[in-house]
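Visitor: There's a structure below that I have some questions on.
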Amino acid sequence: MERIPTGIPGLDKLIQGGFIPGSVIMITGSTGTGKTIFGCQFLWAGLQKGEPGIYLTLEEPPEDIKQDAQQFGWDFSKYEKKGIFKLVYMDPVRLGSATVDIANLVRRFKAKRLVIDSISLIGLAIKDPSLIRRRIYNLISALKKTGCTTLLISEIPEGSDALSKYGVEEYVVDGVIVMKYWEIASENFGSIEIRKMRKTAHLKGHYPTFLGKSGLK
């Protein structure tokens, strides 16, 4: 089966070579675990192969994301000028009702890779839990139909055993990768756990992550 390389050294070996094309993967974890870096690194890997990518941010200003990426040598502005990368800010209040707009943007841009950061903000303007779940389901279903491989970044509270904020995302997506931050005996490090990956014989357990000059590995 064809696979999309994640761009994270060492990770592809755990998931039979990468993500399945057109799949929707949730990258979840608490603050500071490296989720945004993961998303940027995934898009950067695609750009090196000439694959158009979109980063849809609902929180951080686009310029801040580009500046943060620069410290790893990822010059997204260069690819914006080439017309194969787009960094878009969307008011999180709009996310729940912008499913068609997002899907159309992906198709028009012929994007191969998409990152939405963070889907957890969809609840800012919607108080009804059932409506939130329905909007998330509709968004994920629409993204799958585009054929674009998508990462949905999700925030969970520190110390929580939950996989997502609304308790529905993990059931609808094709894969779930949990990122954690550990502090043991005054040592700090991160880890990745592949909780779910459809059509993939993935490895179980926690695998340490390291952040260096070229990103996550």
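The values are calculated or read from the model by the stated rules, or taken from the named source; none is laboratory data. Predicted model only: the values in this text are computed from it and were never measured. Backbone-built Cβ (ideal geometry, glycine too); neighbour counts: all protein chains shown. These accessible areas exclude ligands, DNA and RNA; they are computed on the full protein's heavy atoms, side chains included. Shrake-Rupley method; radii C 1.70, N 1.55, O 1.52, S 1.80 Å.
Visitor: Is there a pair in Lys66/Lys165; Lys196/Lys217; Lys82/Lys217; Lys110/Lys204; Lys49/Lys127 whose C-alpha atoms are over 31 Å apart, and which pairs would that be?
Guide: Long pairs (Cα-Cα over 31 Å): Lys110/Lys204; Lys49/Lys127.
Visitor: Once both labels are modelled 7 Å past Cα along the beta-carbon direction, what's the Lys81-Leu211 spacing in nm?
Guide: Using points 7 Å along Cα→Cβ, the separation is 2.9 nm.
Visitor: Also: Sequence gap at least 6, Cα distance under 8 Å: using those rules, report the relative contact order of the range 151-213 to the nearest whole percent.
Guide: Relative CO of the range 151-213 lands at 22 percent.
Visitor: For Leu105, Leu216, write out the residues from largest to smallest accessible area, computed with a 1.4 angstrom probe and no ligands counted. Walk me through the intermediate numbers first.
Guide: Working: Leu105 35, Leu216 15 Å².
In descending accessible area the options line up as Leu105, Leu216.
Visitor: Nearest 5 percent is fine: what portion of the DSSP beta bridges confined to the chain is antiparallel? Numbers along the way, then the final one.
Guide: Values: 17 of 43 bridges.
Antiparallel bridges make up about 40 percent of those DSSP assigns within the chain.
Visitor: Hey, how many Å between the Cα centroid of the range 147-208 and the Cα centroid of the range 41-71?
Guide: 20
Visitor: May I pose another question? Which residues' amide hydrogens lie under 5 Å from the amide hydrogen of Ser118, considering only partners 5 or more residues apart or on another chain, with H built in the peptide plane?
Guide: It is Leu58, Glu59, by chain and number.
Visitor: By its C-alpha gyration tensor, with a ≥ b ≥ c as the square roots of the eigenvalues, how is the range 19-104 shaped: rounded for a/c under 1.5, else prolate for a/b larger than b/c, else oblate?
Guide: Here the range 19-104 falls in the rounded category.
Visitor: Along the Cα-to-Cβ line of Gln48, 7 Å from the Cα, sits a label point; which residues in the range 111-151 have backbone N less than 17 Å from it?
Guide: Output list for this probe position: 113.
Visitor: What shape does the chain take by its C-alpha gyration tensor, where a ≥ b ≥ c are the square roots of the eigenvalues and a/c under 1.5 counts as rounded, a/b above b/c as prolate, and the rest as oblate?
Guide: Numbers: a/c = 1.30, a/b = 1.07, b/c = 1.21.
Rounded, since a/c falls under 1.5.
Visitor: Relative to a virtual label point 7 Å from the Cα of Asp68 in the Cα→beta-carbon direction, which members of the range 149-178 show backbone nitrogen distances below 13 Å?
Guide: Zone members listed by number: 153-155.
Visitor: Related question: I need to check one value: relative contact order of the chain, counting alpha carbon pairs closer than 8 Å and at least 6 residues apart, in percent.
Guide: Over the chain, the number comes to 29 percent.
Visitor: Pairs of alpha-carbon atoms within less than 8 angstrom and 6+ residues apart define the contacts here; what relative contact order does the range 46-108 have, in percent?
Guide: On the way: 48 pairs, mean separation 26.7, N = 63.
Relative contact order here is 42 percent.
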